[in-house]
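The values are calculated or read from the model by the stated rules, or taken from the named source; none is laboratory data. These numbers come from a predicted model, not from an experiment. For neighbour counting, all protein chains shown are included, and Cβ atoms are generated from backbone atoms with ideal geometry for every residue, glycine included. Side chains included, ligands, DNA and RNA excluded: accessible areas come from the protein's heavy atoms. Shrake-Rupley method; radii C 1.70, N 1.55, O 1.52, S 1.80 Å.
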Amino acid sequence: MSASHTHDTHAAGHDDHGPMKGWRRWFYATNHKDIGSMYLIFSLVMFLTGGLMAMFIRAELLYPGTQVLDPGTFNSMTTMHALIMVFGAVMPAFTGLANWMIPLQVGAPDMALPRMNNFSFWILPFAFGMLLLTLLVPGGSPAGGWTLYPPLVLQTGDAFPMAVFAVHLMGASSIMGAINVIVTIMNMRAPGMTLLKMPLFVWTWLITAYLLIAVMPVLAGAVTMLLTDHYFGTSFFNAAGGGDPVMFQHIFWFFGHPEVYIMILPAFGVVSEIIPTFSRKPLFGYDAMVYATASIAFLSFIVWAHHMFTTGMPLVGEMFFMLSTMLIAIPTGVKVFNWTATMWKGSISFETPMLFALSFLFLFTIGGFSGLMLAIAPADFQYHDTYFVVAHFHYVLVPGAVFSIMAATYYWLPKWTGHMYNEKMGKLHFWLSTIFVNVLFFPQHFLGLAGMPRRIPDYSTQFADWNFVSSIGGFCFGLTQLLFVYNIISCVRGGVKASDKVWDDASPQGLEWTVSSPAPYHSFEVPPEVK
Amino acid sequence: MAHAHHDHDSAGKYYVPHASHWPIVGSIALFITMFGASQWLNNGISSMFWVGILCVLGLFFGWFRDVINESVAGTYNQAVDRSFRMGMMWFIFSEVMFFAAFFGALYYARNIAQPWLSGQGVKFANTLLWQNFTGGWPSNGPAKLGGEFEVIPAFSLPAVNTMILLTSGVTLTIAHHALKENKRGILNLFLALTFLLGFLFVYLQSTEYAEAYHELNLKLSSGIYGSTFFMLTGFHGLHVTIGAIMLTVIWLRSMKGHFSSENHFGFEAVAWYWHFVDVVWLGLFIFVYWL
């Protein structure tokens, strides 16, 4: 064992320094908590930026006719809103949670590759800086939708290469972040923590990270082909040269559908942590949850063309993608069943994180059901590109992914800051959010079924009433989020001291509750033993 | 065995590196490069791009220098080494998926887009736009973009290039075995052979491109064949170039006496990368040149 002997002597004595002083702490960071915090703050800023764009969209749609934005700017707003919310708000928020919680939950001193961790974070502000700069360049920012379909997107002005390169940078950041997550989980678990003893949040992130590494490069390839089609005379998406614009949709959605699960699997993990805690029962069907997550990830690779039922596909293709899509309902149903069964005969209490998790359970399921409706190919011919689709994916993304991020924030914020947040304000934030998110998005189902197309700034007067309701819901939902921001800031600055377990009477399970609150700067210098 | 937790090799004494300015420098360098590239495409001004490239090169030099110094000083333990190995394997997997996008495009163009354009299945494009188009491969599409062209036969220069890359895989493996048996002379010789073969491949590939452009009228703009041919072989050639440069660096380090028979992650990472570009080439040879 001479090899391990020499290794040990070198490794001691590096871990006892505290944070650096001043700006260097953040710019030169290698600490998973500092980097996690930066991710979360960045994500919040992007959430508010993308949210502001949504406010402009809803202001325009408040009444029929064009009042607030010219149609080009309106299209820019929908495109930028989506890109910012997907790549700037939801994904970095989950990466921030992963950074904070995975080392704490697996009993590791830090993430496995701390410098790459900081690299993957710092790329993001620059990537989004470049994306937001497109608002100022000749021709305006991209306006062809976040899916960047050619040939429409090739009409973008000077913003085009900037948007493409911004996507490349985001992809590089995501891939590095995902590699870090996988390596941390596979290499740095505390002794005794076998794979099937890992917390569900860790499991869902492991699978998410695999999806990220598998599909972000495919997106990079797709936008590279757009770039060369635009500037270098290639014909990937040009039928005259033997290419096919539909091919872009195939490549894009081969990325795009796993991307959907990249944004929801960590949410499943969060909810699987919170519901058992506040039901005071272990998670029902742990193994089934793991296998369901893996099944969803596998299925995500063979369902992509359900986004393209109306763009032209052989009948057998329509059938295959319809049926494979419906299969997803099975593992997802397992999950919803298990969360419900976890609460069965539990001793449930309704703190803010639990409220958000419950709201997730109900409202995400609504989004799942409308997804099943959309999966039926002949019915989709009617729903395609209507507000029904907008309602569907906002139900899974806002009361789905975003609510789970809020639940996770309330659940772990005391562990991060050492203070309790303001519970009353948290509950108020929950109730207003839950009410207004439904006022905002539920009417969009009706609009879509009545035939209102998406991505259009003006509409027929028959759609006026529900658009008015939806916009009011949107403004109120947007304003409500200021409560969230205020609550977080005041919790960071002070408040009632949180205990180590934070939720003492619920006695939460997991290694993160065995360290002090706030968690020490270096998590587990001596690995805990897991039995 | 001076430390109490020597048996917890997996995490107990994990080396958490000290703060580093390279990540933020790297982010700024990437931004300058990418923003500069946009400027180049939009306005034809390339200076910012080249400044960015210089910054990126400086970044690689500086960051790797620090990491190599730490490694030579014996800072990294087995657990860190394992992290590096896993990280490299997943990075290579991401590269595989990047190439998969382009192979997928080739498959789609040949087996789905071509039949549609030539009137099989959904007939609109054929009956309304290009009634005389019969498809087939190679193709620059119904509009014959770029004009008539010829392709490079598989069993000419590409076959030679295949032999060169496969041979370089063998020489690299011989070098690896020599390293494990501590035969430094053989190691250095065969490493040098490997990167020389790599650069020879790149040189021959460039002569092939020159022939394609000047004699065969096969260009990037020659419809879908030109697009897939040059993008696939081009990205592969870029990866071979990067790999050969990495091998050269490894050779220089090996000449300085770096790497021991047990501890040589840097060598192995580059070797994996080299085998990866090798395998991609086999895919290219079969699907782009041969079939």
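How far, in degrees from 0 to 90, does helix A:387-396 lean away from the longest principal axis of the Cα atoms of chain A, to the nearest 10?
Helix A:387-396 sits at roughly 0 degrees to that axis.
Using only the alpha-carbon atoms of segment A:191-290, report the extent along each of the three principal axes, biggest first, to the nearest angstrom.
Sorted largest first, the three principal extents are 63, 28, 19 Å.
With a probe of 1.4 Å, find how much accessible area segment A:172-324 has per residue, and write the answer as a whole number in Å².
That works out to 25 Å² per residue.
Taking R0 as 45 Å, what FRET efficiency do you get between B:Gln120 and A:Leu449 from their Cβ-Cβ distance, rounded to the nearest 0.05?
After rounding, the FRET efficiency stands at 0.80.
Using only the Cα atoms of the protein assembly as shown, construct the convex hull and provide its projected area averaged over every direction, in square nanometres to one decimal.
Its Cα hull, projected and averaged over all orientations, spans 34.8 nm².
State the volume of the convex hull built on the alpha-carbon positions of segment A:260-415, expressed per residue in Å³ and rounded to an integer.
101
I'm checking a number: the convex hull volume of the Cα atoms of segment A:42-89, normalised per residue, in Å³. What is it?
52
Step by step: find N for segment A:438-531, compute 2.2 N^0.38 Å, then divide the Cα radius of gyration by it. What's the final number?
1.88
Treating chain B as a set of equal point scatterers at the Cα positions, no solvent, please give the Debye-formula log₁₀ I(q)/I(0) at q = 0.09, 0.12, 0.13 Å⁻¹.
-0.60, -0.95, -1.07
Beyond 12 Å, how much of the Cα-Cα pair distribution for segment B:139-190 remains, as a whole percent?
So the portion of pairs separated by more than 12 Å is 72 percent.
Can you pull out the buried accessible area for chains B and A, both sides counted, probe 1.4 Å, rounded to the nearest 100 Å²?
6800
Find, to one decimal place in angstroms, the Kirkwood hydrodynamic radius of segment A:331-455, where the mean of 1/r is taken over every pair of different Cα atoms and then inverted.
By the Kirkwood definition, the hydrodynamic radius is 15.9 Å.
Report which residues of segment A:110-152 become buried by 40 Å² or more of accessible surface when going from the isolated chain to the complete set of protein chains (1.4 Å probe; DNA, RNA and ligands ignored).
Buried by 40 Å² or more upon assembly, which counts only protein chains, are A:Leu113, A:Arg115, A:Phe119, A:Phe126, A:Met130.
Roughly how tilted is helix B:265-284, in degrees to the nearest 10 and between 0 and 90, from the longest Cα axis of chain B?
Here the helix axis deviates by roughly 10 degrees.
Would you mind checking A:Lys345/A:Lys531; A:Lys281/A:Lys501; A:Lys281/A:Lys335; A:Lys197/A:Lys281; A:Lys335/A:Lys531 for any pair whose Cα atoms are more than 20 angstrom apart?
Exceeds cut-off: A:Lys345/A:Lys531; A:Lys335/A:Lys531.
Would you calculate a helix-derived [θ] at 222 nm for the protein assembly as shown, using -39,500 (n - 2.57) for each DSSP H run of n ≥ 4 and dividing by the full residue count, to the nearest 500?
-22500 deg cm²/dmol
Based on Cα coordinates alone, diagonalise the gyration tensor for segment A:446-493, multiply each eigenvalue by 5, take square roots, and list the semi-axes in whole Å, largest first.
Largest first, segment A:446-493 gives 34, 10, 8 Å.
Could you calculate, for segment A:162-208, the ratio of the Cα radius of gyration to the Kirkwood radius, expressed as Rg to Rh?
Value, to two decimals: 1.17.
With a bin width of 5 angstrom, please list the P(r) values of segment A:287-338 as percents of all Cα-Cα pairs, from the 0 bin to the one holding the largest distance.
4, 21, 27, 18, 13, 10, 5, 2
Could you rank A:Met55, A:Met188 by how accessible they are, 1.4 Å probe, largest area first?
Accessible-area ranking of A:Met55, A:Met188, largest first: A:Met55, A:Met188.
5 Å is the cut-off here: which amide hydrogens, built 1.01 Å from N in the peptide plane, fall below it relative to A:Thr386, excluding neighbours closer than 5 in sequence?
A:Arg454
How many angstrom lie between the Cα centre of segment A:106-184 and the Cα centre of segment A:191-237?
Spelled out, the Cα-based centre of one part sits 13 Å from the other.
Over segment A:466-521, what portion of Cα pair distances is larger than 17 Å, expressed as a whole percent?
61
Jot down the radius of gyration and Dmax of segment B:132-291, Cα atoms only, both in angstrom.
Cα only, segment B:132-291: 18.8, 66 Å (Rg, Dmax).
Could you pull out every residue, at least 5 positions away or on a different chain, whose amide H is within less than 5 Å of the one on A:His419? Hs are placed 1.01 Å off N in the peptide plane, and Pro or chain starts have none.
A:Ala498
Return the carbon/sulfur percentage of the accessible area of the protein assembly as shown, one whole number, probe 1.4 Å, all protein chains in place.
71
Report, to the nearest 10°, how far helix A:286-299 tilts away from the longest principal axis of the Cα atoms in chain A, using its own Cα long axis and a range of 0 to 90°.
30
Give me the distance between the Cα centres of segment B:15-57 and segment B:97-114, rounded to whole Å.
That distance is 31 Å.
Along its three principal axes, how long is segment A:77-150 when you only count alpha carbons? Whole Å, largest extent first please.
Over segment A:77-150, Cα extents along the principal axes are 50, 19, 18 Å.
Which translational diffusion coefficient, to the nearest whole µm²/s, is obtained for segment A:263-320 from the Stokes-Einstein equation, given a Kirkwood hydrodynamic radius over C-alpha pairs, 37 °C and 0.692 mPa s?
Diffusion coefficient, whole number: 236 µm²/s.
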